[in-house]
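Below is one structure, written out as structure tokens; comments come after it.
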Amino acid sequence: MTNIYNLFKFLEDKEGTKTPFKVKFIHAPDTLTPDDLKVKGDLYLTNAEITSLPSGLKVGGYLYLSSTPITSLPDGLEVGGGLYLIYTPITSLPSGLKVGGYLDLQNTPLSEKYTEREIRKMIEDKGGEVKGGIFI
């Protein structure tokens, strides 16, 4: 574990301050609890060296995954705001994906292969929904 995680863990133990999801996810993913997977605000993971997200993740605000090597998203992912996957190698979208805002797929293999209408239908056919626009 890294020094940054140890600092947050110290604060959690001494002050009762909750360790942020991003710190746990990147530096100590084995410590994530089901409660940690409910992120109330925005989650910025842009440029992080991640290839997937944990199952059961729900983000109340925006989820920024741009410029990551992420290759998959978990089934049932819920994002209250926009989901940004710009400049990622993502080639498919999961079952039950719920996005309350925009889905931005610019400069991804999906945007090169499908139209906005085809992507929206693909999501709906898998039991998901995007309330805002889909940018390709």
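The values are calculated or read from the model by the stated rules, or taken from the named source; none is laboratory data. Predicted, not measured: the structure shown is a model, and the values here were computed from it. Note: accessible area is taken over every heavy atom of the protein model, side chains too, but ligands, DNA and RNA are not part of it. Shrake-Rupley method; radii C 1.70, N 1.55, O 1.52, S 1.80 Å.
Tabulated results
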quantity	calculated
Given K18/K126; K14/K98; K38/K126, the pairs whose alpha carbons are separated by over 30 Å	K18/K126; K14/K98
Residue with peak Gaussian network fluctuation, the chain [Cα springs, cutoff 10 Å], from V79, V23, V99	V23
Rounded tilt (10° steps) of 3-15 against the dominant C-alpha axis of the chain	60
Approximate shape of the chain as ellipsoid semi-axes (Cα gyration tensor, √5λ), whole Å, largest first	29, 15, 11
In degrees, nearest ten, helix 116-125 long axis to first principal axis of the chain (Cα)	70
For segment 90-96, Karplus couplings with θ = phi - 60° (6.51, -1.76, 1.60), whole Hz, Gly/Pro x	4, 10, 8, 10, x, 5, x
The chain - percent relative contact order, Cα under 8 Å, separation 6 or more	15
Within a Gaussian network of the chain (alpha carbon springs, distance under 10 Å), most fluctuating of K18, K121, K38	K18
Residues of segment 54-136: accessible area per residue with a 1.4 Å probe, Å²	46
Accessible carbon and sulfur surface of the chain relative to its total accessible area, %, 1.4 Å	51
